[in-house]
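Asks: A single structure is presented below for examination.
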Amino acid sequence: MRAVSVSAALLLTGLASTARAQSAECAAYDGSTGRVCSAALDATRAFHPVAGLLVSGGNPVLGTANTLGGLGHFSVTARANAANVVLPAVGYDGTGGSVPASEELYAPVPVVELAAGVYGGLPSGLLSIDFLGSAQLLPTNQIDNFAVNQDARRIGDVALGLGYGARIGILRELGPLPAVSVSVMRRDIPQITYGNVADGDQYRYAIDLHATNLRVVASKQVAFLDLAGGLGWDKYSGDASIQFRNPNSSAVEPAINFELDNSRPMAFINAGLNVAALKLVGEVGYQGGKDQNLTTDFERLDTTKGKFFAGLGLRVGF
């Protein structure tokens with residue numbers, strides 16, 4: 001009886017492992033076809049929080065937590081967020097135990113950000129309010145294998161993602177005390193696609209992104225230096241689509257559509273030079289990792305680990 005119980009337990013464990021290893025979206029495929037489907041699916045899920053990080057960055061107003069002081073005050077920042085990105089090979093045909101890496105790059109995403117004073121709050125800075133806006137600039141033909149939805153908002157060859165939000169003051173910088181503020185932003189980018197099955201790739205994936213960013217930031221000005229640091233939490237959602245070529249028949253399988261939903265903690269620090277109304281600020285930070293229970297092994301890419309990021313921006317304030 002004990003031997004039967006042990007055998008049953010092992011059988012159930014094996015069945016459970018198999019169920020975990022086969023995602024619902026790819027359950028209709030097996031063998032090398034199933035592995036290509038899973039590679040496209042898992043690459044999509046792994047890339048989504050990286051896209052969210054590149055779009056969102058850390059501090060929504062580089063270098064400071066000070067609110068602006070009410071109507072008539074504003075700042076404009078031109079910045080670039082960057083992180084190390086490993087792209088999987090879209091020529092993977094389901095053979096081999098892992099998906100080779102196509103290329104590794106330090107991907108920069110340019111962003112223009114606006115902050116405008118709305119309400120000055122109390123003398124201490126409590127309850128002061130700034131409006132926050134952003135425009136993410138997405139080149140449409142500068143990166144191999146990437147494309148942006150043809151219907152996206154554009155300025156020439158650059159597609160636009162937009163963001164908006166508010167920053168609320170807790171404390172204005174007073175004597176030895178730092179400035180402290182909290183903010184929330186909503187950012188959206190149009191659908192971006194990696195890979196092109198029509199041109200011979202084995203698979204492609206497409207995502208759009210809706211990011212909600214919560215931040216708590218403290219800052220202090222020391223002589224001509226601006227110093228800031230903070231903690232954050234991001235929620236990334238969006239629609240995704242994959243399509244792949246059957247490695248056995250070479251036929252292109254129907255597209256599979258699904259939803260994405262991720263969240264990540266983060267921390268960041270800023271340091272910059274303050275020259276009158278002009279500020280040059282750098283940022284480094286870390287986005288926490290999360291195990292999404294992906295079944296595909298990607299070369300040079302651990303999908304459970306966190307990710308370091310950096311930014312550099314020029315801010316002008318009045």
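Asks: In this structure, does Thr295 turn out to be of a type in the set (Ser, Thr, Tyr), farther than 30 Å from Ile168 by Cα and either part of a loop (DSSP other than H, G, I, E, B) or modelled with pLDDT of 95 or more (or both)?
Replies: Yes, satisfied.
Asks: Out of the residues in segment 213-224 meeting the condition of being out of contact with any helix residue (DSSP H, G or I) (no Cβ under 9 Å at 6 or more places or on another chain) and modelled with pLDDT of 95 or more, tell me which one is surrounded by the most Cβ atoms within 10 Å (Cβ to Cβ).
Replies: Val217
Asks: Further, regarding this structure: State yes or no: is Leu280 modelled with pLDDT of 95 or more, at negative phi and surrounded by fewer than 17 Cβ atoms within 10 Å (Cβ to Cβ)?
Replies: yes
Asks: Next up: Being farther than 19 Å from Pro139 by Cβ, more than 22 Å from the chain's Cα centre (by Cα) and not in a loop (DSSP other than H, G, I, E, B) is the requirement here; does Arg35 meet it?
Replies: Criteria met by Arg35.
Asks: Test Ala251 against the stated conditions and say whether it is at negative phi and at pLDDT below 95.
Replies: So Ala251 passes the test.
Asks: Another question, if that's okay. Any chance segment 281-302 includes a residue that's touching a residue at least 24 places away in the same chain (Cβ under 8 Å), over 18 Å from the mean Cα position of the chain (by Cα) and under 30 Å from Ala135 (Cβ atoms)?
Replies: For segment 281-302, residues touching a residue at least 24 places away in the same chain (Cβ under 8 Å), over 18 Å from the mean Cα position of the chain (by Cα) and under 30 Å from Ala135 (Cβ atoms): present.
Asks: Something else about it: If a residue has to be assigned to a loop (DSSP other than H, G, I, E, B) and either surrounded by fewer than 15 Cβ atoms within 10 Å (Cβ to Cβ) or among the small types (Gly, Ala, Ser) (or both) to count, how many in segment 300-318 make the cut?
Replies: The number of residues fulfilling the criteria is 6.
Asks: Follow-up question, since we're still on this one. Might you let me know whether segment 28-45 holds any residue that is among the aliphatic types (A, V, I, L, M), under 30 Å from Pro123 (Cβ atoms) and crowded, with 24+ Cβ neighbours inside 10 Å? Let's see the steps before the verdict.
Replies: Keep residues of segment 28-45 that are among the aliphatic types (A, V, I, L, M), which gives 28, 36, 39-41, 43.
Filter again for under 30 Å from Pro123 (Cβ atoms), leaving none.
Within segment 28-45, none of the residues are among the aliphatic types (A, V, I, L, M), under 30 Å from Pro123 (Cβ atoms) and crowded, with 24+ Cβ neighbours inside 10 Å.
Asks: Of the numbered conditions (1) assigned to a helix (DSSP H, G or I); (2) within 30 Å of Phe308 (Cβ to Cβ); (3) modelled with pLDDT under 95; (4) among the charged types (D, E, K, R), Asp42 satisfies every one except a single condition; which is it?
Replies: Status for Asp42: all satisfied but (3).
Asks: Sticking with this one: Which numbered condition in (1) over 18 Å from the mean Cα position of the chain (by Cα); (2) under 18 Å from Tyr119 (Cα atoms); (3) in a loop (DSSP other than H, G, I, E, B) is the only one that Gly63 fails?
Replies: Of (1) over 18 Å from the mean Cα position of the chain (by Cα); (2) under 18 Å from Tyr119 (Cα atoms); (3) in a loop (DSSP other than H, G, I, E, B), only one is false for Gly63: (2).
The values are calculated or read from the model by the stated rules, or taken from the named source; none is laboratory data. None of these values were measured; they are calculated from a predicted model. A quick note on method: Cβ atoms are made from the backbone with ideal geometry, for glycine too, and the neighbour counts reach across all protein chains shown.
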